[in-house]
Amino acid sequence: MGRTLAAVVAHPDDDTWGIAGTVALHADDPAFRFVLIHATSGEAGMISDPSLATRETLGQVREDEDRRSWIALGRAPDRHGWLRYPDHGVADQPFEEVVERIAAILREERPDVVVTFGPDGVTGHPDHVTVGAAASEAFARLRVGGVPGFRRLLYTAIPQSLLDAWNERLVANGKEPMDPTQLYHPRGVPDHTIGVRVDTSSVAPRVLAALREHRTQAGEMLERSEEDQLEMVSQEHAVIAWPTATPGDPAEVLADIFDGLD
Ligand SMILES: [Zn+2]
């Protein structure tokens, strides 16, 4: 059976945060195929160091950073699609066109598993929310249309308990806690809604190496201790958006995105 994963994200580094550990765990599996779609090149993002990029070059620089991040991880995508919609402007595009451009790639690739953003966009970013909605619509159309694959749709998520633990540590270190009511701050989801919890601790140093390639985005995280940074990338979580759970079924938490698809 195939093990094709398609990740549909908004910005360079969304992919590293959301799925890099899972990809690293499958890096040596000959049946694994990894398709990555970026809706934007992230040209409206921060520039941590003016020697790295200008506002005009940031999009190209971030595409290069993203390619290098996967090389640092040790597993480059087999196919990498850049839709190059305006950063911070995906919600202003004709939704139908966004769906179709994503669907055009997924129709060819027939992924077993698609991972994207849920309605919370993890951080509430409108690009994340729109990309997640468009990818979900593309998944539904292709599945209903009988295209092979499309066996599981996942939404990257942060369990509330983990967010609470991060916040406790921030406060203990005299920092401001993250506030999920603020745009761009991470949101948690109720722990019982988590359907996939991947232990990525064995590949955490590789995920960290990948994150560090997003040099223009170097932020607060890199001020933390090495131990804290490794801990932050030692788990990846997702909500299973499809197939939908049967009410009353005991909630089984999968340890891998492909578990149970054989
Ligand atoms: Zn993003």
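Restricting the first member to segment 8-30 and to residues that are touching a residue at least 40 places away in the same chain (Cβ under 8 Å) and open to solvent by 10 Å² or more (accessible area, probe 1.4 Å), and the second to residues that are among the basic types (K, R) and more than 8 Å from the ligand (Cβ to nearest atom), the beta-carbon pairs closer than 6 Å and six or more apart or on different chains are A27/R75. Can you report the number of residues in segment 1-39 which are among the β-branched types (V, I, T) and within 16 Å of the ligand (Cβ to nearest atom)? Going through segment 1-39 one residue at a time, the tally reaches 5. All of Q235, Q160, Q182, Q229 fail the test of being polar (S, T, N, Q), closer than 29 Å to E43 by Cβ and under 18 Å from the mean Cα position of the chain (by Cα), apart from Q229.
When R107, R143, R84 are checked against the criterion of being of a type in the set (D, E, K, R), within 16 Å of the ligand (Cβ to nearest atom) and open to solvent by 20 Å² or more (accessible area, probe 1.4 Å), R84 stands alone in meeting it. In segment 169-176, the count of residues that are in contact (Cβ under 8 Å) with a residue 12 or more places away in the chain and touching a Gly at 6+ places or on another chain (Cβ under 8 Å) is zero.
Selection of segment 119-130 for residues being out of contact with any Leu (no Cβ under 9 Å at 6 or more places or on another chain) and more than 9 Å from the ligand (Cβ to nearest atom) yields P119, D120, V129, T130.
Criterion first (of a type outside the set (S, T, N, Q), part of a helix (DSSP H, G or I), touching a residue at least 40 places away in the same chain (Cβ under 8 Å) and away from the ligand (no atom under 16 Å from the Cβ)) does L162 satisfy it? Judged against the criteria, L162 is a match. Being in a helix (DSSP H, G or I) and among the aliphatic types (A, V, I, L, M) is the filter; apply it to segment 174-211 and report the residue that is most open to solvent (accessible area, probe 1.4 Å). The selected residue is A209.
The values are calculated or read from the model by the stated rules, or taken from the named source; none is laboratory data. As the structure is a computational prediction, the values presented were derived from the model and not from experiment. Note that each Cβ is placed from the backbone with ideal geometry, even for glycine, and that neighbours are counted across all protein chains shown. Only protein heavy atoms, including side chains, enter the accessible area calculation; ligands, DNA and RNA are left aside. Shrake-Rupley method; radii C 1.70, N 1.55, O 1.52, S 1.80 Å.
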